[in-house]
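Enquirer: Right, I'll just put the structure down here and ask away after.
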Amino acid sequence: MADTSSQPSRSRDLDKLLLRPGNLVGATFEPGPELRDALQEDFVKVLVVGAGGLGCELLKDLALSGFRNLEVIDMDRIEVTNLNRQFLFRLEDVGKPKAEVAAKRVKERISGVNIVPHFCRIEDKDISFYSDFSIIALGLDSIEARSYINGVACSFLEYDSNDNPIEETIKPMVDGGTEGFKGHARVILPGVTPCFECTIWLFPPQVKFPLCTLAETPRTAAHCIEYAHLIKWNEVHGGVAFDPDDPKHMKWVYDEAVKRAELFGIPGVTYSLTQGVVKNIIPAIASTNAIISSACALETLKIVTGCSKTLSNYLTYNGAEGLHTKVTEFERDKDCLVCGPGVLIELDTSVTLKKFMDILEEHPKLQLSRASVTHRGKNLYMQAPPILEEMTRSNLSLPLLDLMDKVPKDVLHVNGTTVKKDEKVTCLRKLRVVFKGVDGVADMDTAGGA
Amino acid sequence: MAEPKVKYDRQLRIWGQQGQDALEKSSICLLNCGPTGSETFKNLVLGGVGSITIVDGSKVEAGDLGNNFMVDESSIGQSKAKCVCSFLQELNDAVKAKFIEEYPEALIETNPSFFSQFTLVVATQLVEDAMIRLDRICREANVMLIFARSYGLTGFVRISLKEHTVIESKPEHFLDDLRLNNPWPELRRFAEGFDLNVQDPVVHKHIPYVVILVKMADEWAKSHGGRFPSTREEKKEFKELLKAGMFAQDEDNYREAIDASFKVFAPKGISSDLEQIINDCAAEVGNNSSDFWVMVAALKEFIANEGAGEAPLEGSIPDMTSSTEQYVNLQNIYQSKAEADFLVMEQLVRSTLKKIGKDPNSIPKGTIKSFCKNARKLKVCRYRPLVDEFNSPNIPELQKYLADEDYSTAGGIYILLRAVDRFAANYNTFPGQFDSAMDEDIPRLKSTATGLLGDLGCNGATLAEDLIHEMCRFGAAELHAIAALVGGIASQEVIKLITRQFVPMSGTFIFNGIDHKSQLLTL
């Protein structure tokens, strides 16, 4: 295996951090060559989600932080506009899958590192795929994708009878994001620090122009562009879906926007702005991606080895006006339906959906009435709208276990009304349902359950 | 070669073609190409700087493969500068890349004029003594300089140059220049053309909020002896008046007026920041003055005379609920006034140039126009010579940092990063560089740091034992993730300096990778 610290080796610098005891370190830190070597073992695997501006940096940073087993998932192909920051790609790579080229380039330069690329959508992978990793590093640019991975990571989380998260089930995540000179890096330990959903309000909703403004009182270049994109396109091409990646489509929208701008005397429509508005392009530069990714990689190393304190738990960076960094310790949403424990409910296998709903109503903690029940996105019973109610009504008399595809323990989401301070309020609750006497749950800790 | 407009699209949206042109014209030099330097330059080569020169005298060793992506196994034994240079060239063929196999310390010592050919120098991993010498050289030659250092889980970035002036500071949040409480005759006349009690509800809900506020502010001033709402009660009352003017709850223009009412309460005239700039002694221009200060001198005259206390009007307005026609009319009113202000300013600039014996046409029209548009947002950054900061830092500030809960770790890192250089000068090795000396290095570093604090006149200040221990543990390691972070920050600052857009950092940025509570220290 790797040689000791006395000889100059590849890990010359990293060894100082991993082999020497320290005072400002994590509780689990056990310095020594074993720790350094453990990073190279099969059981320490890191998944990088996204092989774009952040993903390229993350792969390099992790590979040079002692990690040997990396995987990367990305559904995109390389474009010319990536080349100003995605440093693993060259002009001749345009059109190739990002994940594959990124993995290849890093492997070429760093001997001994193993990177498995996955050229597909994150939703294409089984949940079990994600459970394999010690930690998941997110280099994404969409809220939806973050939300999805967050949901997956949190789905592994289990709580003990005292509603404390069970350490072995915590799937840590580090998440980064950038826009221009600004960015954020955060550490998510589901059940311990806020998950993505707990602080979803950090992402403000995207501004959309009212349609009547676009149709009747356009004032800005963006209004003219969105008119051409959202209204005129459908009028003229009814049926043909607009494809933002088709240059002919983009040119058409641009030309229409120019005509409209001329008609109303509005300046400022350019092809570049048209692309920006239609594709919602977020400006991106190499330096900010480097800053945010390296912060994420550093935290990954700390979480895995305990070699220093960890970021607690949200770092913001703003380099536009001077330089401002800030660490904010956000708090978990105790009622978060994604990372919270949910209420444990023990049931007989014969319990029907109707009976289950009665139990919820009488449950002292829940007092849930008018319940709508979903299981893994499937509607078991819906109170409204009437058409859905009618469609799901027949389920009421069926055994819940059957409706849950015979899964003996799983999470149900229930929407309904409950009583809070003598007032009825709507709520969404996560419930952990366990069926008694079914194979595979005998060993489960159900003490203190409902 | 890819079409540059497409390749650079995502950054052109930030600094525009003008910023890109400045980058492409620049010639930058890197001292030491360990990971900190290599990562800094990776970001700059990707962005398309004109040319780079890498100076490093060392050969690639096995240990370099563990922290630097720009070298690989085939590089061992070769010039590090050469290997890094060839990898960087691969990233962007539009950049002219060259290297010099020499130790930066030797160049600083023997060939100081070498540095004057560059737009900017990035000096990484230099010790204090070399930093001070280089700072003196670059200041004299008017070459911009940035220091970056990674040290274990810590590091710093420091800009050093006499003065950096910015016209396009592009602040994110800045009060629109609408003059709601100080309308010029054309704007007042335009507002008078509207009737806030117009019967037609469609017309009513399309009156631009600028018009609503100009009229309401005017009305208020008439009944309050010419004053505008200033107390909390008055401001509340003013908003109530706006609310009372609504015909229906769905009138977006009135809602916008209420939300924007603070723009009526904003003080007239220029900000204290701008006041400071026009009163700066550099605004007393002479033959050696830069274009920026010539324009500031003209601006000062403008504010005192034609501007009647105000800077030239910016000329743009935010989007607001309105009919297209009235919005375009309103836009034209603001633009005409901005154009008129510009013409006055242009005359003032030309006559100022003449007064100081320069060609009156030496400043292009476009520059003056941009200056006018950004007059309220001008920035002047000045940086102390390194030798001054090192020998006589601002002691009250330093003491405050060392005692402050949020700053003490960063303050401690600042002192310790200096102490390790002093340590190295005394013992020929950095503290903790060798495992065998760890036990004796910790007390030695502590006494070195205490000695440094004493020399600075900071007696009585203490550093956390844990932090001293950590610095020894780091043993001058250059970790890749830290280098990428510190280098990332350095490259961002380079871009701001070269494009002359946005605002570079002030003071010394102390990076704290232990818990990320980094700080800017102004000493």
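The values are calculated or read from the model by the stated rules, or taken from the named source; none is laboratory data. None of these values were measured; they are calculated from a predicted model. Every residue, glycine among them, receives a Cβ derived from its backbone with ideal geometry; neighbour counts consider all protein chains shown. With ligands, DNA and RNA removed, areas are computed over all heavy atoms of the protein, side chains included. Shrake-Rupley method; radii C 1.70, N 1.55, O 1.52, S 1.80 Å.
Enquirer: Determine, yes or no, whether B:V49 is without any contact (Cβ under 8 Å) to a residue 60 or more places away in the chain and hydrophobic (A, V, I, L, M, F, W, C).
Expert: Numbers: without any contact (Cβ under 8 Å) to a residue 60 or more places away in the chain: no; hydrophobic (A, V, I, L, M, F, W, C): yes.
Against the criterion (without any contact (Cβ under 8 Å) to a residue 60 or more places away in the chain and hydrophobic (A, V, I, L, M, F, W, C)), B:V49 does not qualify.
Enquirer: Kindly provide the set of residues from the range B:68-95 that are open to solvent by 10 Å² or more (accessible area, probe 1.4 Å), in contact with a helix residue (DSSP H, G or I) (Cβ under 9 Å, 6 or more places away or on another chain) and in a loop (DSSP other than H, G, I, E, B), ordered by number.
Expert: B:D72, B:I76, B:D93, B:A94, listed by residue number.
Enquirer: Now, a different point. So, of the residues in the range B:51-67 that are assigned to a loop (DSSP other than H, G, I, E, B) and open to solvent by 10 Å² or more (accessible area, probe 1.4 Å), which turns out to be farthest from the other protein chains (Cβ to nearest Cβ)? Explain how you work it out, then say what you get.
Expert: Going through the range B:51-67, the residues assigned to a loop (DSSP other than H, G, I, E, B) turn out to be B:56-58, B:60-61, B:66-67.
From what is left, the residues that are open to solvent by 10 Å² or more (accessible area, probe 1.4 Å) are B:57-58, B:61, B:66.
Working: B:G57: 18, B:S58: 13, B:E61: 6, B:G66: 4 Å.
Once the filter is applied, the top-ranked residue is B:G57.
Enquirer: I want to confirm something. Restricting to the range A:203-219 and keeping residues that are crowded, with 20+ Cβ neighbours inside 10 Å and assigned to a loop (DSSP other than H, G, I, E, B), which single residue is farthest from the other protein chains (Cβ to nearest Cβ)?
Expert: A:P218
Enquirer: For the range B:475-495, check the following and say yes or no: at least one residue is more than 30 Å from A:R10 (Cβ to Cβ) and either open to solvent by 30 Å² or more (accessible area, probe 1.4 Å) or modelled with pLDDT of 95 or more (or both). Show your work before the answer.
Expert: At the first step, the residues of the range B:475-495 found to be more than 30 Å from A:R10 (Cβ to Cβ) are B:493, B:495.
Next, from what is left, pick out any that are either open to solvent by 30 Å² or more (accessible area, probe 1.4 Å) or modelled with pLDDT of 95 or more (or both): B:493, B:495.
Yes, there is a match, as at least one residue in the range B:475-495 is more than 30 Å from A:R10 (Cβ to Cβ) and either open to solvent by 30 Å² or more (accessible area, probe 1.4 Å) or modelled with pLDDT of 95 or more (or both).
Enquirer: So which of A:E197, A:E144, A:E226 ends up being more than 24 Å from A:L298 (Cβ to Cβ), under 12 Å from the mean Cα position of the chain (by Cα) and surrounded by 16 or more Cβ atoms within 10 Å (Cβ to Cβ)? Break it down into steps so the answer makes sense when it comes.
Expert: Details: A:E144 fails: surrounded by 16 or more Cβ atoms within 10 Å (Cβ to Cβ); A:E226 fails: under 12 Å from the mean Cα position of the chain (by Cα).
Of the residues listed, the single one that is more than 24 Å from A:L298 (Cβ to Cβ), under 12 Å from the mean Cα position of the chain (by Cα) and surrounded by 16 or more Cβ atoms within 10 Å (Cβ to Cβ) is A:E197.
Enquirer: Restricting to the range A:13-34, what's the tally of residues that are in contact (Cβ under 8 Å) with a residue 12 or more places away in the chain and within 14 Å of chain B (Cβ to nearest Cβ)? Let's see the steps before the verdict.
Expert: Kept after step one, since they are in contact (Cβ under 8 Å) with a residue 12 or more places away in the chain, are these residues of the range A:13-34: A:14-15, A:17-19, A:22, A:24-33.
Filter again for within 14 Å of chain B (Cβ to nearest Cβ), leaving A:14-15, A:17-19, A:22, A:24-26, A:29, A:31-33.
Total meeting the criteria: 13.
Enquirer: Considering only residues that are at the interface with another protein chain (Cβ under 7 Å from one of its Cβ atoms) and either open to solvent by 10 Å² or more (accessible area, probe 1.4 Å) or polar (S, T, N, Q) (or both), which ones fall in the range B:496-515?
Expert: The initial filter retains those residues of the range B:496-515 that are at the interface with another protein chain (Cβ under 7 Å from one of its Cβ atoms), namely B:502-503, B:505-506, B:509, B:513-515.
Within the range B:496-515, B:F502, B:V503, B:S506, B:D515 qualify.
Enquirer: Looking only at helices (runs of 4 or more DSSP H) that fall completely inside the range A:344-431, which ones have 2 or more residues that are closer than 26 Å to A:E158 by Cα?
Expert: Working: elements: A:353-362, A:386-393, A:400-403.
Because the criterion is at least 2 residues that are closer than 26 Å to A:E158 by Cα, the helices (runs of 4 or more DSSP H) in the range A:344-431 that meet it are A:353-362, A:400-403.
Enquirer: A further question follows. For A:D255, indicate whether it is charged (D, E, K, R), open to solvent by 50 Å² or more (accessible area, probe 1.4 Å), out of contact with any His (no Cβ under 6 Å at 6 or more places or on another chain) and over 18 Å from A:E216 (Cα atoms).
Expert: Numbers: charged (D, E, K, R): yes; open to solvent by 50 Å² or more (accessible area, probe 1.4 Å): yes; out of contact with any His (no Cβ under 6 Å at 6 or more places or on another chain): yes; over 18 Å from A:E216 (Cα atoms): yes.
Considered against the rule, which asks whether it is charged (D, E, K, R), open to solvent by 50 Å² or more (accessible area, probe 1.4 Å), out of contact with any His (no Cβ under 6 Å at 6 or more places or on another chain) and over 18 Å from A:E216 (Cα atoms), A:D255 comes out as yes.
Enquirer: Taking the condition of being aliphatic (A, V, I, L, M) and under 25 Å from the mean Cα position of the chain (by Cα), how many residues in the range A:84-114 meet it? Working first, answer last.
Expert: Within the range A:84-114, the subset aliphatic (A, V, I, L, M) is A:88, A:91, A:94, A:99, A:101-103, A:106, A:110, A:113.
From what is left, the residues that are under 25 Å from the mean Cα position of the chain (by Cα) are A:88, A:99, A:101-103, A:106.
Result for the range A:84-114: 6.
Enquirer: Take the conditions under 23 Å from B:V210 (Cβ atoms) and open to solvent by 20 Å² or more (accessible area, probe 1.4 Å) and apply them to B:E284. Does it pass?
Expert: No; evaluated as a whole, the condition is false for this residue.
Enquirer: Any residue in the range B:432-448 that's open to solvent by less than 70 Å² (accessible area, probe 1.4 Å): show its pairings with residues that are of a type in the set (K, R) and assigned to a helix (DSSP H, G or I) at Cβ separation under 8 Å, as long as the two are six or more apart or on different chains.
Expert: B:G432/A:K16; B:G432/B:R473; B:M438/B:R473; B:T448/B:R422
Enquirer: Another one. Say we look at the range A:343-374 and pick out the residues that are surrounded by 19 or more Cβ atoms within 10 Å (Cβ to Cβ) and not aliphatic (A, V, I, L, M); which of these is farthest from A:N162 (Cα to Cα)?
Expert: If we take residues in the range A:343-374 being surrounded by 19 or more Cβ atoms within 10 Å (Cβ to Cβ) and not aliphatic (A, V, I, L, M), then A:S372 is farthest from A:N162 (Cα to Cα).
Condition check ((1) touching a residue at least 60 places away in the same chain (Cβ under 8 Å); (2) of a type in the set (D, E); (3) outside any helix (DSSP H, G or I)) across all residues:
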| residue | (1), (2), (3) |
| --- | --- |
| B:I317 | yes, no, yes |
| B:V328 | no, no, no |
| B:A340 | no, no, no |
| B:L343 | no, no, no |
| B:E346 | no, yes, no |
| B:T352 | yes, no, no |
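Enquirer: Right, next: List every residue pair whose Cβ atoms lie under 9 Å apart, where the two residues are 6 or more positions apart in sequence or sit on different chains, the first residue falls within the range A:426-445 and is of a type in the set (G, A, S), and the second residue, located anywhere, is assigned to a strand (DSSP E or B) and modelled with pLDDT of 80 or more.
Expert: So the pair list comes out as A:G440/A:K409.
Enquirer: Within the range B:84-98, can you find the residues that are of a type in the set (G, A, S), farther than 14 Å from B:P4 by Cα and touching a residue at least 12 places away in the same chain (Cβ under 8 Å)?
Expert: Just the residues of the range B:84-98 that are of a type in the set (G, A, S), to begin with: B:86, B:94, B:97.
Still in the list and also farther than 14 Å from B:P4 by Cα: B:86, B:97.
B:A97 - this is the single residue of the range B:84-98 that is of a type in the set (G, A, S), farther than 14 Å from B:P4 by Cα and touching a residue at least 12 places away in the same chain (Cβ under 8 Å).
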